[in-house]
Amino acid sequence: MFTSNPTTMPNPKDRTATARLLVVEDEPSISGFVRRGLIFEGYDVEVAESGRAALEAMRDRPPDLVVLDLMLPEVDGIEVTRRARAAEEADDLPRVPILMLTARDAIVDRVAGLEVGADDYLVKPFDFDELLARVRALLRRVKPETDRKPAEVLSYQNLAMDLSSRSVTRAGQEIELTAREFDLLAMFLRHPNQVLTRSTLMQRVWGEDFYGESNVLEVVIGNVRRSLEIDDLPRVIQTVRGIGYVLRST
Ligand code: CA
């Protein structure tokens with residue numbers, strides 16, 4: 001099921017380069033984390049810090065999708081959704097997909113949000129990868145069938161990763177990886193020949209809450225390298241001294 005022809009591999013950057021996302025969140029730590037991650041995945045991202053700013057942005061610069069926190073000062077997320085849907089209906093405009101962010105115990109809000117026209121929800125705290133999966137699914141839903149190119153398989157030279165079965169092979173041999181190692185390798189495969197900084201890797205694989213001078217990244221990189229360098233196959237994850245790492249053959 002894997003193909004070794006790199007030209008047939010879907011490129012997430014190509015697929016998402018034009019999508020414009022509006023992130024509505026008043027907590028800078030969360031909006032910053034979401035914004036950086038989405039920009040890194042190739043999206044064009046605007047942040048609104050209040051419901052009022054969100055409605056203005058949706059009116060003046062209609063996005064392809066809105067990530068909307070429900071807990072906002074003054075005009076909350078439910079009201080933003082209600083007003084946005086009313087405006088779309090009044091002007092006969094297409095519905096912009098809305099992904100709500102809700103608190104774990106706010107089931108009432110979740111139901112209310114879906115009732116007023118939100119498309120999906122994600123419970124805080126969430127992993128960035130989960131957010132990304134929901135964003136991609138919602139964007140796919142509104143795109144015509146011909147634009148659909150699900151990124152099921154990532155590959156680089158003789159290395160192939162099946163995202164749906166979470167399996168990895170190198171030169172046809174199955175590679176065993178932990179969940180963390182798999183996520184880390186997926187990052188490299190999504191950005192071949194691109195230097196990824198230590199902080200980018202830490203943020204994306206461990207999340208925003210990771211602090212300190214721990215060598216956990218080096219340990220996991222070491223494990224991935226050992227797993228990939230079977231049968232004296234050459235190293236593909238190279239160290240870029242003082243900066244980070246890059247997926248590149250020597
Ligand atoms: Ca909030």
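Cβ-Cβ distances below 8 Å connect the following pairs, each with a first residue in segment 99-118 that is more than 20 Å from residue 31 (Cα to Cα) and of a type in the set (Gly, Ala, Ser), a second residue that is more than 16 Å from the ligand (Cβ to nearest atom) and part of a loop (DSSP other than H, G, I, E, B), and a separation of six or more residues or different chains: 117/95. Within segment 176-206, the set of residues being open to solvent by 20 Å² or more (accessible area, probe 1.4 Å), assigned to a loop (DSSP other than H, G, I, E, B) and either modelled with pLDDT under 85 or of a type outside the set (A, V, I, L, M, F, W, C) (or both) comprises 176, 178, 192, 193, 194. In summary, helices (runs of 4 or more DSSP H) completely within segment 43-118 and bearing 2 or more residues that are more than 14 Å from the ligand (Cβ to nearest atom) and touching a helix residue (DSSP H, G or I) at 6+ places or on another chain (Cβ under 8 Å) occur at 51-60, 77-90.
Taking segment 70-102 as the range and being touching a Leu at 6+ places or on another chain (Cβ under 8 Å), open to solvent by less than 100 Å² (accessible area, probe 1.4 Å) and over 14 Å from residue 120 (Cβ atoms) as the test, the residues that pass are 75, 76, 78, 80, 84, 87. For segment 20-61, the candidate set comprises residues that are touching a residue at least 40 places away in the same chain (Cβ under 8 Å) and farther than 24 Å from residue 125 by Cβ; within that set, the residue that is most open to solvent (accessible area, probe 1.4 Å) is 61.
Residue 168 satisfies every condition listed in (1) open to solvent by 30 Å² or more (accessible area, probe 1.4 Å); (2) modelled with pLDDT of 85 or more; (3) farther than 27 Å from residue 34 by Cβ except (1). What number of residues within segment 215-250 satisfy the criterion of being open to solvent by less than 50 Å² (accessible area, probe 1.4 Å), under 25 Å from the mean Cα position of the chain (by Cα) and among the hydroxyl-bearing types (Ser, Thr, Tyr)? Number of matching residues: 1.
The values are calculated or read from the model by the stated rules, or taken from the named source; none is laboratory data. Because the structure is a prediction, the values reported are computed rather than measured. We place every Cβ from the backbone using ideal geometry, glycine too, and count neighbours over all the protein chains shown. Surface areas here come from the heavy atoms of the whole protein model, side chains and all, with no ligands, DNA or RNA. Shrake-Rupley method; radii C 1.70, N 1.55, O 1.52, S 1.80 Å.
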